[in-house]
């Protein structure tokens, strides 16, 4: 049992660099990682039509505990891995009302954001008509506000653009905020799948499978389809709120 372990919950929307960040932390000798442990629960409570938008949804639910109380009990509990850091990769929209937020007080909560236009144009390659909730921005704002209000400590906000433009500098700042030493091993990893990857990985992680480090930042001008302009505007307003606090 490791009572002094640091438990990091990194909350993100989809189509961010969340899996690359998981690879980065997983490259540390002192850290083990969990890949979207609330995904199965999320799929179990949404309506069937929405559930069917997700690749291998039935396999995901079979692969994970779907009872939120049990999952969150494990995530905030002790662990015997022999490691001192537990990095939990979370999608913000997986945190349903059934889970509550009280358990977040036991974790070092961080929020990973990305320019909404880039997020939307990537996400619609898999799910064509996302809502702001599908992209996680309303949930990220709620998480930020709850943690800041209830714990007195605001979550650490990281912009994916900053990570890609300056991986070492941004990760050093992130490590400092969560109370662990920076490790240069976080800057590179071996290509390919990992044992900890969720069963959905072949449908979402192809670019990460090919990577050995953070890709250089590309200053693109993504064009969001007109049908999603309202979604973009809503997401941008929430992104701007969080971006004010980025490290």
Discussion item. Any residue at all in region 140-163 that's free of Cβ contacts under 8 Å to residues at least 12 places away in the same chain and farther than 21 Å from residue 7 by Cα?
Written reply: no
Fill in: Matching residues, region 118-128, being in contact (Cβ under 8 Å) with a residue 40 or more places away in the chain and either in a strand (DSSP E or B) or out of contact with any helix residue (DSSP H, G or I) (no Cβ under 7 Å at 6 or more places or on another chain) (or both)
118, 121, 122, 124, 126
Worksheet item: Based on what the data block shows, is residue 131 under 25 Å from residue 97 (Cα atoms), over 18 Å from the mean Cα position of the chain (by Cα) and surrounded by fewer than 20 Cβ atoms within 10 Å (Cβ to Cβ)?
Response: no
Worksheet item: Can you list the helices (runs of 4 or more DSSP H) found entirely within region 198-247 that contain at least 2 residues being exposed (fewer than 13 other Cβ atoms within 10 Å of the Cβ), at positive phi and within 17 Å of the chain's Cα centre (by Cα)?
Response: none
Item to complete: Looking only at region 96-110, decide whether some residue is within 22 Å of residue 236 (Cβ to Cβ) and in contact (Cβ under 8 Å) with a residue 60 or more places away in the chain.
Response: yes
Worksheet item: Which of the residues spanning region 165-186 are under 29 Å from residue 105 (Cα atoms), in contact (Cβ under 8 Å) with a residue 40 or more places away in the chain and assigned to a helix (DSSP H, G or I)?
Response: 167, 170, 171, 173, 174, 177, 178, 185, 186
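All of the numbers you see were taken from the coordinates with simple rules; none came from a lab. Everything numeric here is computed off the predicted structure, so don't read it as measured data. Note: ideal-geometry Cβ built from the backbone for every residue, glycine included; neighbour counts use all protein chains shown.
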